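Shown next, in structure tokens, is the structure this report addresses.
The values are calculated or read from the model by the stated rules, or taken from the named source; none is laboratory data. A quick note: this is a predicted structure, and the numbers were derived from the prediction, not measured. As a convention, Cβ positions derive from the backbone with ideal geometry for all residues, glycine included, and neighbour counts pool all protein chains shown.
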Amino acid sequence: MNRNELPPELSAANEHLPALVREMEKSVPYASASLSRNGGLRITVSHREQQVTEVKPSQGLVLSAWNGTFFEEKASSELTPKAMLDLAQFAKTVKVSAPSETIDPGPSLQKHFDTVFNYVELRCDKIYFEELILDLTAYKHVKRTKFDDTVAFGMSLLAGTENVKVQKDDAPLVFMKYAQPIKLNY
């Protein structure tokens, strides 16, 4: 068997997945299936010992259904056609809601938004990339895929300002790294 072929036990299950997803999408706006198998060798090397053990193979199927707001999932390790079809019936119990343009980002995502917003408000003169400024002004969270630069900018700001203490607008930012302050003057 070459590396691109599925093992026989997964190949049979894989043949049923397109029909399974089509059946689920009769009840929900979007559905997907993820079939996986894990196994192999576990190699442990430490300063005292070396050990190689065989990992017991495991396999399973995860079905995901979009309800208009979030994904609901169901999983099983039984891969017979009947078991897979029974598993897919959960899509009929998913309560589909109309998608909303307003998104409650929650505390973590809100911190991401706040960090970007505060930086742009207080230090927009420090952003030298015109494309990024245009991207920031046009950003719409519900259509964020085309705004990868803005999302990456926010993630880097968040990572770099996790332990920041700002005293005044004119004061330098103090970044904490390994509990030793590093002063950056702008």
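Worth a mention:
- Subset of the stretch 51-79 (residues that are free of Cβ contacts under 8 Å to residues at least 60 places away in the same chain and under 14 Å from His16 (Cβ atoms)): Leu61, Leu63, Ser76, Glu78
- Failed item, numbered, when His16 is tested on (1) surrounded by 13 or more Cβ atoms within 10 Å (Cβ to Cβ); (2) in a strand (DSSP E or B): (2)
- Filter result for Glu23 (among the charged types (D, E, K, R) and over 27 Å from Phe90 (Cβ atoms)): no
- Ala31 meets each of the listed conditions (1) part of a strand (DSSP E or B); (2) without any contact (Cβ under 8 Å) to a residue 60 or more places away in the chain apart from (2).
- Some residue of the stretch 89-98 being of a type outside the set (D, E, K, R), surrounded by 13 or more Cβ atoms within 10 Å (Cβ to Cβ), part of a strand (DSSP E or B) and at pLDDT 85 or above: no
- Top-ranked residue in the stretch 56-88 [being small (Gly, Ala, Ser) and not in a strand (DSSP E or B); ranked as surrounded by the fewest Cβ atoms within 10 Å (Cβ to Cβ)]: Ser77
- Here the condition is being at pLDDT 80 or above, under 17 Å from Gly60 (Cα atoms), surrounded by 13 or more Cβ atoms within 10 Å (Cβ to Cβ) and in the same structural domain as Leu85 (by TED's automatic domain parsing); of Ser32, Ser36, it holds for Ser32 alone.
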